[in-house]
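Following: one structure in structure tokens, then a few remarks.
The values are calculated or read from the model by the stated rules, or taken from the named source; none is laboratory data. Keep in mind it's a predicted model, so treat the numbers as computed, not measured. Using ideal geometry, Cβ is built from the backbone for each residue, glycine included, and neighbour counts are taken over all protein chains shown. These accessible areas exclude ligands, DNA and RNA; they are computed on the full protein's heavy atoms, side chains included. Shrake-Rupley method; radii C 1.70, N 1.55, O 1.52, S 1.80 Å.
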Amino acid sequence: MGFLVPILLWHRRFGIAVKTLNAIVGLSLHDASIFLRRRRMKLRSLMLALVAAVGMGSLPAQAVPVDLELVLAVDVSSSVNSIEYAGQRDGYVNAFNDSSIQNTILDTSEGRLGRIAVTYVEWSSAFSQQQRVSWSLIDSIESAQTFASSISGLTRSFGGSTGIGAAIEYSSSLFSFNQDTGYEGARKVIDISGDGRNNSGVAPSVARDNALTAGVSTINAIAIQDEDLEDYFVNNVIGGDGAFATFASNFEEDFTNSIGDKIFREVTGGDPVAVPEPATLGLLGLGLLGVFAGRRKV
């Protein structure tokens, strides 16, 4: 009887279908009618569910618009010892726990959305890169703290040689123009930190040019401990709109301060706001007094 049901369910004349079941299977007209009605309702429900599922599956997920897609690409090559690894990691933790950074991200002035998407990557040699914290939406103080907490719990993924070019290639592959990240940023920035020159894999300059051609807006870099490395980064690593390199003399306090300034510039797309030192404020005050005194004499 099973092979007859699909045909009979869709027969235009329900009465004929009932009589057919009655004649072939021996069901009473009443039982045949109930049987067909139940099967037809189940099949209709199934078809509606399938249509809904197919329809939902065919609709692309709506990406959340953000001010910035930011890849934090962190050097964990063998030249970075365990203490330095912890200092570098903690610098990023402190940055996203910093209220000034949080307020900068959440700022909605001048048409900004007040939210960014950020991911944290560790890299070393040409074939050693890993996305340690996946794309995260920072749109509140709490979400910034959650992202910082995710970084703070990390342990070193690997060591090895220094593949800056490969790190750029990997970072570029993570953006929304290459995969569905769930976010669509007005700017797409790679933030490279490192303490040495490339000695593994593709040349950084080649990877940089390819990344910019693919759709990356800017590649910035922070050189750690080696001042000459900043020039190397300027000539071989950074590129794009407003690109810059900066320097941290150590992996601890100076890195924390430098990476905070660096993230500020990446979020705002501009230079950090200089905060006058107390001595500078004193000189400024004396200068203003002089101006006022001069005006009184006129």
Review point. Residue check: is Ser176 of a type in the set (Ser, Thr, Tyr), assigned to a helix (DSSP H, G or I), out of contact with any Cys (no Cβ under 7 Å at 6 or more places or on another chain) and open to solvent by less than 60 Å² (accessible area, probe 1.4 Å)?
Key: no
Study note, to complete from the structure: Picked from the stretch 92-112 (must be of a type outside the set (D, E, K, R), open to solvent by 40 Å² or more (accessible area, probe 1.4 Å) and without any contact (Cβ under 8 Å) to a residue 60 or more places away in the chain), the residue nearest to Glu69 (Cα to Cα) is Leu106
Check your understanding: Yes or no: Thr146 under 17 Å from Leu70 (Cα atoms), among the polar types (S, T, N, Q) and in contact (Cβ under 8 Å) with a residue 12 or more places away in the chain?
Key -> no
Exercise for review: Taking only the stretch 192-219 into account, find how many residues are in contact with an Asp or Glu (Cβ under 7 Å, 6 or more places away or on another chain), buried (at least 24 other Cβ atoms within 10 Å of the Cβ) and part of a strand (DSSP E or B).
Suggested key: 2
Study note, to complete from the structure: In the stretch 141-153, anything out of contact with any helix residue (DSSP H, G or I) (no Cβ under 7 Å at 6 or more places or on another chain) and either surrounded by 15 or more Cβ atoms within 10 Å (Cβ to Cβ) or farther than 13 Å from Arg89 by Cβ (or both) is listed as Glu142, Ser143, Thr146, Ser150
Review point. Restricting the first residue to the stretch 80-91 and requiring it to be at positive phi, which pairs with a second residue that is among the charged types (D, E, K, R) meet a Cβ separation below 6 Å and a spacing of at least six or different chains?
Key: none
Practice item. Please work out which one of (1) under 14 Å from the mean Cα position of the chain (by Cα); (2) buried (at least 20 other Cβ atoms within 10 Å of the Cβ); (3) over 19 Å from Ser258 (Cα atoms); (4) of a type in the set (Ser, Thr, Tyr) is the condition Ser128 fails and give its number. Key: (1)
Point to revise | Scan of the stretch 135-155 for residues that are charged (D, E, K, R) and either at pLDDT below 95 or assigned to a helix (DSSP H, G or I) (or both), ordered by number | key: Glu142
Check your understanding: Pick from the stretch 243-262 the residues that are under 24 Å from Ala144 (Cβ atoms), part of a loop (DSSP other than H, G, I, E, B) and modelled with pLDDT under 95: which of them is most open to solvent (accessible area, probe 1.4 Å)?
Key -> Glu252
